[in-house]
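These notes are about the structure you will find just below.
The values are calculated or read from the model by the stated rules, or taken from the named source; none is laboratory data. These numbers come from a predicted model, not from an experiment. For neighbour counting, all protein chains shown are included, and Cβ atoms are generated from backbone atoms with ideal geometry for every residue, glycine included.
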Amino acid sequence: MSEVLLVEDLYVKYYTRRGIISAVSGVTFDVIKGEMLAVVGESGSGKSTLGYAIMRLLPRSGAVERGRIVLDGEDILRLSEEELRRIRGGKVSMVFQDPFTTLDPLRRVLDQFREFLAEHGIDAERGRIIAEEMLEAVGVPKNLANAYPHQLSGGQKQRVAIAMAIALNPLLVIADEPTTALDVVIQRQVMDLLDDVKKRGTSIMFITHDIALAIERADRVMIMYGGEVMELAEKSMLAKRALHPYTVGLLSSMPRIGSEKLPSSIPGYPPDLRSPPKGCIFHPRCPYATERCRTVKPILSEVEKNHFVKCHLVKAL
Amino acid sequence: MTLNIYTVIGLAVILVIVLMALLADFIAPYSPVEASGMELESPNPLHIMGTDNLGRDVFSRVVYGARTVVVVVLIAVILSGVIGTVLGLVSGYISGILDKILSFVMDSIYAFPSLILAIALSVALGPNIFNAAVAIAITYIPTYFRMVRGQVLSIKNESFVEMARALGLPITRIMARYILPQLTQTLVVVFSMNSADAVLTEAALSFFGLTVQPPTPDWGFDLYKGRGFILSGAWWMLIFPGGMITLLALGFALLSEGVSQSYVVKEGE
Amino acid sequence: MGLARYIAFRALLIIPTILLLYTLVFIVLRVLPGNPVLAALGTKNIPEEQLKALMRELGLDKPLYQQYFEYLINFLRGDMGYSMIIRGRPIANDIADKFPATLELAIWAMVMSFALGVGFGYVAGKSRGTALKHIARLYGSITYIIFIPALGLFLQLLFGRWLGVLPTGGRLSPGIYINSITGLYTIDSLLQGDFNAFADAIKHIILPSLTLGLVLSGPFARLTLSNMERVLGSKIVVAYRARGVREEVIARHVFKHALIPIVTYLGLQFALLLGGAVLTETTFNWPGLGTYLVDKIMYRDYTAIQAVVILFAFLVGVISLMTDVAYALIDPRVRY
């Protein structure tokens, strides 16, 4: 079992005019070769920031304050711009939420694809062959290779994005809500495609707000809240026995076929990350919060094999 | 409204020039139309901006010349602002065929080079100071019309306007009470930017001899005359009138820049 | 729709605009001054018979609506009527003479303003700090309000009189002659391999085109800057970076995005260019349509003034058509 990515004690802050936002605080996790790790959280949970931090593509207001991001044995935070550029799209690539805004509308699909390959040192002739092969592999009709992005459907655009993301056999693909902008049928097809990608041996970090989809598709699931990891476990373990009150809340808020109970949402609002609550970050919304939760920050601990939880109330089993 | 540095400088420049026009009788040391020295004297203690080819004091002509431009710009901007705003309000609010026709006419005029239209108009109306103002006013009506109409279209369906309509208030009341106040910010910006344009157009008409008749002092026309004395090296006949035109236009441009910046900041944070 | 049909369609839409402008000019110059012949002659003491003969010669004795249509049809056939002042001189000949000079000035000024404005805006947009961006914005507002004759005459004073390195006016030095092929001296001289004449033509056009170009470059600088900022902050750029595309290459693509709104602006800029050209030509004794127009204004030669102004109306219409087509070619999202 070898790890492709190791993130250790990562802190990311945004410096905005409205204040300093602690978007990611003390996050530690790894991604193993050939697995799909789902990162689940509401908007503002820091899940996307995590993805952008790994790509070193944080907006200018954002900065990694502390921690290590080790990809394939190399600390990404120590790389030069040029080294980073080679890694992006090479060892690690990204698929974005909205394929409508990420492909350049002014340039033909094939041109963008070949340029990307050329930037990674692949000569024109081989670039053309690889691009055409990859587009075919993800199911983009051949006659659309020379089309402009606006002539493609949303699903086709996302297929193109995925084709580019995997063309150079990366170790890791970060997929940031890759299906959110698509309708349900297309969603399923794109997720199947990501499954195929995984079978090629590429690890996938699947960022989503949809815990049901995460449990259905991923190997392991990591729950984030307020920029921190709340729970991390294999999906079967999480589905059977979620331990963190937040995870439990998320699970009960998803509609289930055959269940008598109506889905219930978690009361309260996500924390203001300019001044996060003391103690456990979830305590203001936690139905079981005690005095200790309000004052002492819990640590992420392994309560059973490969099942990590950050909660005072969950004892080691 | 917070006072921006550009706003302050712009207002100061405009104020100084307007005061100069008002108080010309007290400021100018000589008559602007009679010789007070030798021909083409370079700047010296008696004639701080030198004299022109007829021995007239350039400084006095610059001071009195402010009157022409201030009067023309004032009339032109008020005329075009009022007419353009009213037409824009009506057209945007009422919609329908009238709106389509008006918009088409205004867009066409807007696309046409405003300076050439102003030239054609003042030639047709006959060259004098009032007609020049009217000519400039007509060319700038579309600027106000387009802006006001666009704003009205976006405002008129907002709830507070619909409420007023539901209450049965007359259209004129709705416009005056509910719509016009929403437009003031944009109008102020357009008004000051447009004034800068009007200064330049006035100067251009003067340059072509389409405003005042000699010997009345006027920056644009004086600049045109100075053009004949470049090779004599009479730079003072060019720099001073030319500089004043640019300075006044700059004043309005800075005012517009400053005002729009203050609004953006206020809306942003 | 194919491109040809798209062009035809846009051209149809331009026609009403041109007709409206024609009507406007016709009203302004034909109807407003009362009897234009009297206005041109500047006197009412003219024998009735002579006035009638003159009116008939110029076609001014017909009913207004007839004049309106006849003038339009003749104009489209290239017949712009006759000068009121210089009897029997076809205006079309004058215009054909003067037009190349204006075209040459307009082209060079456009090149200058595009290079100065877009170049500055591009550099400022790419820069990481804010200082250059502030300067570019200020540049945008200040160049816009420069009075063309003031700048032009100052440059003449500086380079012509004080430094003595460039001529203060005209298109060519006395004694230099270029056979007219296109009418654009900088091109004709090259076509004929006469580098001496080419250098002279360039020397003459530097100051006028710089003056006009500088004044027009402000909006380009501001637009380019704000477009660059907008696109650089967009997800397209993040996606390019995520693919490991080099920053220089990304900047090139961003530039194309930034250019699209500028192309739309070119049409509007052209109206300013024509107005500016009239001032620039007068300032530099440039023998083009602008100087011609001002000359005719001095003599109240209404038929000539009308011809030039209507020609400008047509030019504005044609340019706005060309802008639309250029926009469709550069942006594949425009469906045609």
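So the values come out like this:
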| quantity | calculated |
| --- | --- |
| Matching residues in the range A:7-54 - criterion: being under 16 Å from the mean Cα position of the chain (by Cα), more than 16 Å from A:E228 (Cα to Cα) and surrounded by fewer than 22 Cβ atoms within 10 Å (Cβ to Cβ) | A:I32, A:K33, A:G34, A:E35 |
| Test: residue in the range A:88-104 that is crowded, with 20+ Cβ neighbours inside 10 Å, more than 30 Å from C:A328 (Cα to Cα) and of a type in the set (K, R) | yes |
| Condition check for B:G55: of a type in the set (G, A, S), touching a residue at least 60 places away in the same chain (Cβ under 8 Å), farther than 26 Å from B:P127 by Cα and in contact with an Asp or Glu (Cβ under 9 Å, 6 or more places away or on another chain) | no |
| Any strands (runs of 3 or more DSSP E) falling wholly within the range A:214-317 and containing at least 2 residues that are within 25 Å of A:M36 (Cα to Cα), at pLDDT below 90 and aliphatic (A, V, I, L, M) | none |
| Pair list, Cβ < 6 Å and 6+ apart or interchain, from the range B:87-98 residues that are small (G, A, S) to residues that are at pLDDT 90 or above | B:G88/B:F145; B:G88/B:V148; B:G88/B:R149; B:S91/B:D99; B:S91/B:L102; B:S91/B:R149; B:G92/B:R149 |
| Test: residue in the range B:187-197 that is under 17 Å from C:P149 (Cα atoms) and within 11 Å of chain C (Cβ to nearest Cβ) | yes |
| Residue list for the range A:113-135, filter: at the interface with another protein chain (Cβ under 9 Å from one of its Cβ atoms) and touching a residue at least 40 places away in the same chain (Cβ under 8 Å) | A:F116, A:H120 |
| Odd one out for C:F147 among (1) over 18 Å from the mean Cα position of the chain (by Cα); (2) over 30 Å from C:F255 (Cα atoms); (3) within 14 Å of chain B (Cβ to nearest Cβ) | (1) |
| Residue selected from the range B:243-254 under the condition under 16 Å from the mean Cα position of the chain (by Cα) and at the interface with chain C (Cβ under 8 Å from one of its Cβ atoms), by the criterion farthest from C:I142 (Cα to Cα) | B:I245 |
| Residue match in the range A:121-129 (condition: of a type in the set (A, V, I, L, M) and either touching a Phe, Trp or Tyr at 6+ places or on another chain (Cβ under 8 Å) or crowded, with 20+ Cβ neighbours inside 10 Å (or both)) | no |
| Hits in the range A:84-107 - residues which are charged (D, E, K, R) and at the interface with chain C (Cβ under 8 Å from one of its Cβ atoms) | A:R85, A:R86, A:R88, A:D98, A:D104, A:R107 |
| Selection within the range B:192-215 - surrounded by fewer than 22 Cβ atoms within 10 Å (Cβ to Cβ) and not in a loop (DSSP other than H, G, I, E, B) | B:M193 |
| Hits in the range B:1-36 - residues which are within 20 Å of B:V71 (Cβ to Cβ) and part of a loop (DSSP other than H, G, I, E, B) | B:L23, B:A28, B:S31, B:P32, B:V33 |
| Candidate set: the range B:123-133, residues that are away from every other protein chain (no Cβ under 11 Å) and surrounded by 19 or more Cβ atoms within 10 Å (Cβ to Cβ); chosen: the one nearest to B:N194 (Cα to Cα) | B:A133 |
| Subset of the range B:217-238 [assigned to a loop (DSSP other than H, G, I, E, B), surrounded by 18 or more Cβ atoms within 10 Å (Cβ to Cβ) and either among the acidic types (D, E) or touching a residue at least 40 places away in the same chain (Cβ under 8 Å) (or both)] | B:P217, B:D218, B:A234 |
| Among the residues listed as B:L115, B:L102, the single one being crowded, with 23+ Cβ neighbours inside 10 Å, under 21 Å from C:L24 (Cα atoms) and within 14 Å of another protein chain (Cβ to nearest Cβ) | B:L115 |
| Number of positions in the range C:127-185 that are surrounded by fewer than 21 Cβ atoms within 10 Å (Cβ to Cβ), of a type in the set (S, T, N, Q) and assigned to a helix (DSSP H, G or I) | 1 |
| Yes/no for C:F9 being at pLDDT 85 or above, assigned to a helix (DSSP H, G or I), under 30 Å from the mean Cα position of the chain (by Cα) and not hydroxyl-bearing (S, T, Y) | no |
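Results for (1) in contact (Cβ under 8 Å) with a residue 24 or more places away in the chain; (2) within 14 Å of another protein chain (Cβ to nearest Cβ); (3) among the aliphatic types (A, V, I, L, M), shown as yes or no for each residue.
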residue	(1), (2), (3)
C:Y6	yes, no, no
C:P16	no, yes, no
C:L38	no, yes, yes
C:L60	yes, no, yes
C:P100	yes, no, no
